[in-house]
Amino acid sequence: MNSSAETLTEALAYAAQTWPHNKAMCANQRHWSWHALYITVERVAGYWHALGVKSGDTVGCLTDKSPEVVVAFLACARLGAVFCPINFKLNEKHICDQIATANVTVVLTQESRTDVLNAIAHSFKKDPLVLSIDTSTATGQHAFWPEVDYPQSDFVPTPDTVCYLNYTSGSTGRPKGAVSTHAHILINARDTIAGLGFHSEDVFLGMFSVFMHPHELFHRSILVGGAFVIVDSLSPRIISEQIAHWKVTWMMAVPSFYEMMIRYREMANHSPDLSSLRLLESGGAYVSAQTVKRMETCFQADFIPVWGCTEATGVVLANRSHRESGATGAVIPGYSAKIVDEDGKPLPMGVVGELIISGPAVVSEYIGQPEESHSAFQDGWYHTGDLMREIQPGVFQFASRRSEMLKVGGIRVFPLEIEQVIERHPEVSRCVVVGAVEKLRGEVPHAIVQRSLNSALDMATLIQFCAKHLARFKVPRKVSFWDEIPMLPNGKVDKRRLREMLG
C-alpha cells in the first residue's frame with residue numbers, strides 16, 4: 001500500500017509509476033492502466049486550466065455514473081478545484097439550494113441532463129462554464145477526451161486542500177455538503193484498507209450512485225494499485241455479467257441490492273459465474289445476524305455489514321467478528337466512537353444513546369450551512385444523530401435514528417425493532433414504521449408495509465403476528481399496505497418522499 005502520498009494527485013502519480021501496467025479503471029468492456037489514467041487526468045486538468053478552471057472553483061457534476069466522473073474528480077484535485085456531485089433526482093428546490101450554497105461556477109454535464117440544467121439555470125450567481133462529457137453539444141464545450149497535452153496549472157495541492165463536497169442523501173431533510181480535503185479521503189481509504197483487509201489483488205465494484213460518495217469508487221484502489229469497475233446500472237443481470245467479466249472480488253452495495261441479486265439468481269435459467277467474489281460489503285441499512293448467514297450461504301463469500309457516514313468520509317464501523325450478536329460493527333482503526341446522552345455525557349455499556357465519532361478523516365463543517373455545522377460538530381466530535389448501544393467494548397449496535405424514535409405512552413420505542421419483526425412475516429417484502437398521532441393515546445406506531453407478490457395479507461393478521469413477538473405498546477396501531485415504498489438510489493427509504501405521501 002502507498003503509505004506516503006498526502007494528496008490524491010501524489011497518490012495517482014505514485015500508482016502510475018509503481019503499477020503502470022496494472023488495470024486501474026474498468027468500464028464498458030474497456031480498461032485503463034494506472035499510467036493511462038494518470039495521463040488522461042493530466043490532459044483533462046490541463047485542458048480545463050486552459051478554459052479557465054482554477055483553484056477554488058466549484059465544479060458541479062451533473063452526469064450519470066461513468067469513467068468521466070472519476071477522471072473529473074481527480075482532475076479537480078489536480079487543479080485545486082472542488083468536485084461537487086449534483087443529485088439530479090432531487091426536486092428542483094433542493095438542487096438550486098445545492099448550487100447556491102456550494103457556489104458552483106463550472107458544470108460538467110451531458111446531453112441527457114440538459115433539461116435539468118435549464119431548469120436550475122436561475123440558481124447560478126453568474127453564467128457557469130459548461131463542459132460536456134458527450135461529443136460536441138450545443139450546451140457546452142467538449143471536456144473529454146483530449147488527445148494532446150495542454151500547459152498545466154502550477155497549483156500544487158496540499159493535504160488540507162479542499163477537493164470535494166461530499167453530500168448527504170437528503171433522505172430526512174436538506175442535503176448537506178461535507179467539506180472534504182485530500183487528507184480526509186486518503187485517511188479514510190487507509191483506515192478501511194487496514195480495517196477490512198482490502199489489498200492489491202482486489203477488483204472493486206461500488207454500487208452506490210454517482211452522487212453518493214463517488215470517491216469510494218476508487219479511493220482504496222488508488223493506494224494499492226488494484227482495479228475498480230464502473231457500472232451505471234441497478235440490473236442484477238447486468239451487474240452479475242460485469243462481475244463475471246472483470247472477475248470482481250470485492251463489492252459494496254446496500255442490503256436490498258444483494259437481495260435483488262439473490263432473487264435474480266433463483267429465477268434465471270443461467271446465471272453468470274460469481275465465484276470470483278470474496279467479500280461483499282454492505283452499508284446503508286441495518287443487517288441482522290440471520291441475513292449475514294443467509295447472504296454468505298447464497299454467495300459463498302464473506303458478507304461484512306458496515307456503518308459509515310458522509311461526515312466521516314466513509315466507513316467507521318465494520319462487523320467482521322461479531323456475527324451472531326447482530327452488531328452494527330466494531331470501530332475500525334483511525335476512528336474513535338462513544339455513546340452519549342442528550343447532554344453529551346458518556347453512557348454505560350448497553351444503554352441506548354447517540355453515537356458520536358472523531359478522527360482525522362471526520363470533516364468539521366458543511367458548506368454554506370453554519371447553523372447545521374455548529375449543531376453537528378462540537379469539540380472535535382461529530383454527532384451522528386444515530387442511536388446505538390455499546391454491546392462490547394468498541395462494538396456497537398444500531399437502534400434508530402434519533403429523529404425517528406417514537407415516544408409511546410412516554411416509553412421510547414425504536415422503529416427498527418418493529419420493522420425487523422414485521423419483515424420476518426413470509427408475506428412481507430419491506431416495511432417502514434413511522435409515528436402517527438391518536439387523540440387518546442398520543443404517538444403510536446404506524447407500519448407501512450409492502451407485501452410480497454400475490455400476497456393478500458391483511459391488517460388483522462399482521463397485528464396478530466406482531467402481538468406474538470412485541471410488547472403490547474410496540475404493536476402498530478395502524479397498518480397501511482402500499483404497492484411500493486419510495487427508495488433512494490442508495491437503497492435507503494426516501495423519508496422525505498414518504499412524508500409527502502403520508503400528507
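The values are calculated or read from the model by the stated rules, or taken from the named source; none is laboratory data. Keep in mind it's a predicted model, so treat the numbers as computed, not measured. Every residue, glycine among them, receives a Cβ derived from its backbone with ideal geometry; neighbour counts consider all protein chains shown. To get the accessible areas, we keep the full protein, side chains included, count just its heavy atoms, and leave off ligands, DNA and RNA. Shrake-Rupley method; radii C 1.70, N 1.55, O 1.52, S 1.80 Å.
Just a few scattered comments:
- Taken residue by residue, segment 230-251 has at least one member that is of a type in the set (S, T, Y) and open to solvent by 30 Å² or more (accessible area, probe 1.4 Å).
- Cβ-Cβ under 6 Å pairs, at least 6 apart or on other chains, segment 1-27 side among the hydrophobic types (A, V, I, L, M, F, W, C), far side open to solvent by 60 Å² or more (accessible area, probe 1.4 Å): A5/Y14; L12/Y38; A16/H35; A16/Y38
- Some residue of segment 448-458 being more than 21 Å from F257 (Cβ to Cβ), touching a strand residue (DSSP E or B) at 6+ places or on another chain (Cβ under 6 Å), exposed (fewer than 15 other Cβ atoms within 10 Å of the Cβ) and hydrophobic (A, V, I, L, M, F, W, C): no
- Residue within segment 470-483 that is of a type in the set (S, T, N, Q) and in contact with a His (Cβ under 9 Å, 6 or more places away or on another chain) present: yes
- Condition broken by G344, with the remaining ones in (1) surrounded by 15 or more Cβ atoms within 10 Å (Cβ to Cβ); (2) modelled with pLDDT under 95 satisfied: (1)
- Test result for S336, farther than 20 Å from M252 by Cβ, out of contact with any strand residue (DSSP E or B) (no Cβ under 6 Å at 6 or more places or on another chain) and either in contact (Cβ under 8 Å) with a residue 24 or more places away in the chain or of a type in the set (S, T, N, Q) (or both): no
- Total residues in segment 78-105, condition more than 19 Å from Y366 (Cα to Cα) and hydrophobic (A, V, I, L, M, F, W, C): 2
- Residue count for segment 276-305, restricted to those that are under 16 Å from N188 (Cα atoms) and touching a residue at least 60 places away in the same chain (Cβ under 8 Å): 1
- Residues in segment 425-449 that are under 10 Å from R477 (Cβ atoms) and either touching a residue at least 60 places away in the same chain (Cβ under 8 Å) or outside any strand (DSSP E or B) (or both): R441 alone.
- Within segment 351-373, the set of residues being in a loop (DSSP other than H, G, I, E, B), out of contact with any Asp or Glu (no Cβ under 7 Å at 6 or more places or on another chain) and within 30 Å of E417 (Cβ to Cβ) comprises V351, V352, G359.
- Selected residue (only one of P370, P393, P333, P360 is surrounded by fewer than 16 Cβ atoms within 10 Å (Cβ to Cβ) and at pLDDT 95 or above): P360
- Any hit, segment 136-153, residues being out of contact with any Gly (no Cβ under 7 Å at 6 or more places or on another chain) and modelled with pLDDT of 90 or more: yes
- Pairing residues of segment 450-472 that are in a loop (DSSP other than H, G, I, E, B) with residues that are modelled with pLDDT under 95, at Cβ distances under 6 Å and at least 6 apart in sequence or on separate chains, gives S452/E427; S452/S429; S455/E427; L457/E427; L457/R451; H469/V421; L470/V421.
- One residue stands out among those in segment 170-215 that are touching a Pro at 6+ places or on another chain (Cβ under 9 Å) and of a type in the set (G, A, S): the one that is modelled with the lowest pLDDT, which is S209.
- Failed item, numbered, when S4 is tested on (1) within 25 Å of the chain's Cα centre (by Cα); (2) farther than 14 Å from S221 by Cβ; (3) of a type outside the set (A, V, I, L, M): (1)
- Taking the criterion of being open to solvent by 60 Å² or more (accessible area, probe 1.4 Å), out of contact with any strand residue (DSSP E or B) (no Cβ under 8 Å at 6 or more places or on another chain) and over 17 Å from L387 (Cβ atoms), the residues of segment 411-439 that qualify are R424, P426, K439.
- For the condition acidic (D, E), in a loop (DSSP other than H, G, I, E, B), more than 24 Å from R389 (Cα to Cα) and under 31 Å from the mean Cα position of the chain (by Cα), E484 qualifies.
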